[in-house]
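For reference, the structure discussed in these notes is given below.
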Amino acid sequence: MQPQIILLKEGTEASQGRSQIISNINACQAIVDCVRTTLGPRGMDKLMVEAQGKATISNDGATIMKLLDVVHPAAKTLVDIAKSQDAEVGDGTTSVVLLAGEFLKQMKPFIEEGVHSQIIIRSVRKASQLAIQHINDIAVKTKKDDPKEHRQSLEKCAATAMGSKLINQQRDFFSKMVVDAVMLLDDLMPLNMIGIKKVPGGALEDTLLVAGVAFKKTFSYAGFEMQPKQYVSPKIALLNIELELKAERDNAEIRLETVEEYQKVVDAEWTILYEKLEKLHASGAKVVLSKLPIGDVATQFFADRDMFCAGRVPDEDLKRTMKACGGSILTTVADLSDSVLGTCESFEERQIGGERFNVFTGCPQAKTCTLIIRGGAEQFMEETERSLHDAIMIVRRAMKNDAVVAGGGAIEMELSKHLRDVSRTIAGKEQMLISAIAKALEVIPRQLCDNAGFDSTNILNKLRQKHAQGQRWIGVDIMNEDVIDNMEKCVWEPSLVKINAIGAASEATCLILSVDETIKNPKSGGGDGPAPGGMPGRGRRPF
Ligand code: ADP
Ligand code: MG
């Protein structure tokens with residue numbers, strides 16, 4: 001008998017070859033089907049329920065993909081490209097998944113017919129390079145030096161990004177606000193300098209933009225109401241110190257013999273606290289914020305001296321205040337010079353809906369702002385936040401890169417036509433492959449039509465005809481089941497969104513096509529993963 005050679009652990013599954021590629025493609029298709037219907041202004045939203053019963057309503061590709069909790073190893077790639085699109089440009093997350101899925105779908109027949117993956121991969125790369133090159137060639141530069149026009153183009157990009165979200169009715173209102181918010185920032189436009197707060201109640205239009213830092217009033221003790229709630233150019237002390245009586249005693253073990261000794265400990269504690277408070281008062285600080293609690297004694301002390309205090313300020317708010325108002329977060333009050341204290345033009349406590357907010361405006365250091373979102377349901381405000389995030393990202397991108405293209409499928413149709421034209425000049429298999437990619441790009445206008453309930457075949461024929469005549473910005477008219485010049489209609493998207501989407505989608509396609517074997521080790525995989533065959537992406541949908 002031949003001795004058996006055991007290479008891999010018992011229970012290891014391996015599948016390989018062409019059928020493996022095909023099954024991976026099928027799994028990706030299942031993922032794409034989940035987000036397909038969310039594309040565009042007439043797209044539907046998804047209600048996702050997590051294990052703990054938390055419900056999320058979203059239209060954002062990246063959010064949905066994240067919540068899907070995909071376990072299929074190949075299909076995870078699609079989740080990753082959606083996430084990276086979200087991080088890189090912020091919008092176009094559904095588009096990127098759809099494109100990758102459609103590229104794969106178009107390549108599937110070639111795999112089935114036995115074309116080698118490497119040939120396909122080379123063609124996909126070439127097609128995406130051609131497409132990106134063409135975007136760069138035809139993108140329209142907006143006039144950056146004319147501030148009014150520049151601003152308008154930013155607003156249009158923001159409006160297009162929000163056009164497909166729940167808040168699309170209020171997009172004119174929000175696009176102005178988002179552009180204002182981004183304009184307040186400095187050149188680097190750090191995203192974390194735009195704080196987003198949510199206050200339930202009120203209408204969506206009550207959402208307001210504060211040019212400065214704002215955060216919810218923190219928990220307070222008796223005496224707080226006697227403190228002044230308004231200052232002009234106050235000095236601000238930012239602390240990481242607990243201003244409470246029990247604080248010192250808790251940090252040490254104390255052994256006592258007599259009552260007098262205990263009294264001494266208590267007295268010492270008061271002295272320590274009062275020393276700290278006196279120092280804060282002497283420094284001239286009017287507003288005292290601390291990450292840790294500020295107790296009732298301290299609150300009363302500050303109230304008697306016309307100072308304002310807030311304890312238990314969330315870390316991110318304290319940091320934002322520090323960045324905006326200057327100064328540093330102190331862990332000791334030993335040296336309270338002006339250099340470690342912050343300042344701002346005006347501080348006040350303001351009532352917003354049912355909440356009270358501490359508002360700092362006119363901050364000298366970093367430029368920062370806070371959006372306070374109003375609205376009915378919690379989920380609704382969360383989706384509003386995500387939509388605003390998309391729009392903010394787009395405006396940030398558009399400020400740096402002023403090239404725009406027309407959305408609504410116009411740019412995809414144009415690229416499709418371009419690739420078809422190019423493919424005719426190439427001989428051999430590559431011709432077929434590049435024209436297959438050209439066909440795949442049509443998925444965006446087709447899906448926009450399908451989601452709006454239009455006759456997609458009819459509209460696509462019209463689009464092809466117009467583009468063949470050289471009208472490159474003709475796209476889907478979402479209002480009137482027709483085609484229209486989307487550049488004129490101001491459906492603008494930064495060209496970067498499309499470049500990134502096509503690049504990422506083609507990379508993902510190549511990656512999935514290049515995997516021809518999956519080996520699953522039973523111990524390392526965490527156990528309940530699916531077999532690499534089948535279409536497991538579907539089975540784990542958390543509905
Ligand atoms: P993504 O996550 O990819 O951004 P969206 O659901 O935001 O997905 O849909 C974006 C698509 O909708 C883009 O192709 C964009 O051009 C298109 N779109 C947005 N607004 C309009 C509009 N007013 N008319 C036609 N198409 C639009
Ligand atoms: Mg979008």
For the range 429-523, give me every one of the helices (runs of 4 or more DSSP H) that falls completely inside it and has 2 or more residues that are among the β-branched types (Val, Ile, Thr) and under 19 Å from Ala82 (Cβ atoms). 443-452, 495-514
When you check Gly40 against the structure, is it touching a residue at least 12 places away in the same chain (Cβ under 8 Å), part of a loop (DSSP other than H, G, I, E, B) and surrounded by 12 or more Cβ atoms within 10 Å (Cβ to Cβ), yes or no? yes
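Got a sec? Which of Val182, Val124 is under 30 Å from Gly376 (Cα atoms) and either away from ligand 2 (no atom under 16 Å from the Cβ) or of a type outside the set (S, T, N, Q) (or both)?
Numbers: Val124 fails: under 30 Å from Gly376 (Cα atoms).
Within the list Val182, Val124, the selection yields Val182.
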Does Met399 satisfy being surrounded by fewer than 23 Cβ atoms within 10 Å (Cβ to Cβ) and outside any strand (DSSP E or B)? yes
Before we move on, is Ile81 under 20 Å from Val497 (Cα atoms) and in contact with a Ser or Thr (Cβ under 7 Å, 6 or more places away or on another chain)? no
Going through the range 60-88 in order, the residues found to be surrounded by fewer than 24 Cβ atoms within 10 Å (Cβ to Cβ) and of a type in the set (Gly, Ala, Ser) are Ser84, Ala87
Please verify whether the range 355-373 includes one or more residues that are open to solvent by 10 Å² or more (accessible area, probe 1.4 Å), of a type outside the set (Lys, Arg) and within 16 Å of ligand 2 (Cβ to nearest atom). no
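If a residue has to be touching a residue at least 60 places away in the same chain (Cβ under 8 Å), out of contact with any strand residue (DSSP E or B) (no Cβ under 7 Å at 6 or more places or on another chain) and open to solvent by less than 70 Å² (accessible area, probe 1.4 Å) to count, how many in the range 451-477 make the cut?
Here is the first cut: in the range 451-477, the residues touching a residue at least 60 places away in the same chain (Cβ under 8 Å) are 451-453, 472-477.
This time we only want the ones that are out of contact with any strand residue (DSSP E or B) (no Cβ under 7 Å at 6 or more places or on another chain), so: 451-453, 472.
Within this subset, residues satisfying the condition of being open to solvent by less than 70 Å² (accessible area, probe 1.4 Å) are 451-453.
Here the count works out to 3.
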Condition check for Cys34: in contact with a Lys or Arg (Cβ under 8 Å, 6 or more places away or on another chain), of a type outside the set (Val, Ile, Thr), open to solvent by less than 20 Å² (accessible area, probe 1.4 Å) and assigned by the TED database to the domain that holds Ala501: yes
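Take Tyr221 and decide whether it is out of contact with any Gly (no Cβ under 6 Å at 6 or more places or on another chain), in a strand (DSSP E or B) and in the same structural domain as Leu318 (by the TED database).
Numbers: out of contact with any Gly (no Cβ under 6 Å at 6 or more places or on another chain): yes; in a strand (DSSP E or B): no; in the same structural domain as Leu318 (by the TED database): yes.
So Tyr221 does not fit the description; no.
Please verify whether Leu8 is open to solvent by 70 Å² or more (accessible area, probe 1.4 Å), at pLDDT 85 or above and on the phi < 0 side of the Ramachandran plot, treating the condition exactly as stated. Write out each step before concluding.
Details: open to solvent by 70 Å² or more (accessible area, probe 1.4 Å): yes; at pLDDT 85 or above: no; on the phi < 0 side of the Ramachandran plot: yes.
Criteria not met by Leu8.
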I'd like the residue in the range 143-167 that is within 11 Å of ligand 2 (Cβ to nearest atom) and not hydrophobic (A, V, I, L, M, F, W, C) and, out of all such residues, is farthest from Asn451 (Cα to Cα). Thr160
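Matching residues to (1) under 35 Å from the mean Cα position of the chain (by Cα); (2) of a type in the set (Val, Ile, Thr); (3) open to solvent by less than 80 Å² (accessible area, probe 1.4 Å):
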| position | (1), (2), (3) |
| --- | --- |
| Leu256 | no, no, yes |
| Glu260 | no, no, no |
| Ile272 | no, yes, yes |
| Ala285 | no, no, yes |
| Ser290 | yes, no, yes |
| Gln300 | no, no, yes |
| Cys309 | yes, no, yes |
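Answer yes or no as to whether Gln20 is of a type in the set (S, T, N, Q), open to solvent by 20 Å² or more (accessible area, probe 1.4 Å) and more than 10 Å from ligand 1 (Cβ to nearest atom).
Numbers: of a type in the set (S, T, N, Q): yes; open to solvent by 20 Å² or more (accessible area, probe 1.4 Å): no; more than 10 Å from ligand 1 (Cβ to nearest atom): yes.
Taking the combined requirement at face value, the residue does not satisfy it.
State yes or no: is Asp421 of a type in the set (Asp, Glu), within 16 Å of ligand 1 (Cβ to nearest atom) and either at pLDDT below 95 or part of a helix (DSSP H, G or I) (or both)? Quick ask: steps written out before the conclusion?
Details: of a type in the set (Asp, Glu): yes; within 16 Å of ligand 1 (Cβ to nearest atom): no; either at pLDDT below 95 or part of a helix (DSSP H, G or I) (or both): yes.
Spelling it out, it is not the case that Asp421 is of a type in the set (Asp, Glu), within 16 Å of ligand 1 (Cβ to nearest atom) and either at pLDDT below 95 or part of a helix (DSSP H, G or I) (or both).
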Give just the number: which of (1) at pLDDT 90 or above; (2) surrounded by 19 or more Cβ atoms within 10 Å (Cβ to Cβ) does Asp91 not satisfy? (1)
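The values are calculated or read from the model by the stated rules, or taken from the named source; none is laboratory data. In this text the structure is predicted, and so the values were computed from the model without any measurement. For neighbour counting, all protein chains shown are included, and Cβ atoms are generated from backbone atoms with ideal geometry for every residue, glycine included. The protein model used for the area step is the full one, side chains on, heavy atoms only, and it has no ligands, DNA or RNA in it. Shrake-Rupley method; radii C 1.70, N 1.55, O 1.52, S 1.80 Å.
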